[in-house]
Amino acid sequence: MEYTKEAVRVGPSQHGLGVFALHSFATGDYIGQIHGEIVADPEYGSEYGIDLGDGDRTLEPAAPFRFLNHSCQPNSALVICDEKNEDGTSLDPSVWLEILSKIAPGEPMTIDYAWHADAAIPCQCGTAKCRGWIMAEEELDDGTSKT
């Protein structure tokens, strides 16, 4: 599946499906907005859900970006933008994909899932900075570490 608007494709990866660049991207580029359904339930959880930062709402992303794989040394990051109406009332936040390091055509695009320690699973990203667990780096040394 190719998504020319975002210049990415979804295809097989080491961990199921992944998102791959169709052309080069430079550090600081914004690839596209991540669309999907916003679920207003603090108990909601899913494989793909993105916490919108308030603990009450989760973005259930649509393709292609729902297939971003984890890396402890990611080349992309999610950016949550709070937005307001002209009258100052809050809108639902928007989520964008920003490039952290240069990406070549065909290269997988990855993000750091940074899960809480209680949801961590073993990591197999294979990077030089692999933490061994898919979890937030700051939780590794706070007594909740899985290692």
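Worth pointing out:
- Highest-fluctuation residue, D118, D56, D87 considered, GNM on the chain with Cα pairs under 10 Å: D87
- Sites T27 and T89 - FRET efficiency at Förster radius 35 Å, r taken between beta-carbons, to 0.05: 0.50
- Environment charge of A26, counting only residues whose C-beta is closer than 14 Å and scoring Lys/Arg +1, Asp/Glu -1: -2
- Förster-model FRET efficiency, 30 Å R0, V79 and Q124, C-beta, rounded to 0.05: 0.70
- Inter-part distance where region 1-49 and region 68-147 are each reduced to a Cα centre, Å: 12
- Among L91, L17, L68, the largest mean-square fluctuation in a Gaussian network model of the chain (Cα springs under 10 Å) belongs to L91.
- Cα-Cα P(r), the chain, percent of pairs per 10 Å interval: 11, 38, 36, 14, 2
- Sites Y48 and E98 - FRET efficiency at Förster radius 22 Å, r taken between beta-carbons, to 0.05: 0.75
- Taking the chain and dividing mean pair separation by its residue count, relative contact order in percent (alpha carbons under 8 Å, at least six apart): 23
- Top of I121, I134, I99 by mean-square fluctuation, Gaussian network on the chain, Cα under 10 Å: I121
Throughout, read-outs are computed from the coordinates displayed, never taken from laboratory work. Note that the coordinates shown come from a computational prediction; the quantities given were computed from them, not determined experimentally. Here the Cβ is made from the backbone with ideal geometry for all residues, glycine too, and neighbour counts use every protein chain on show.
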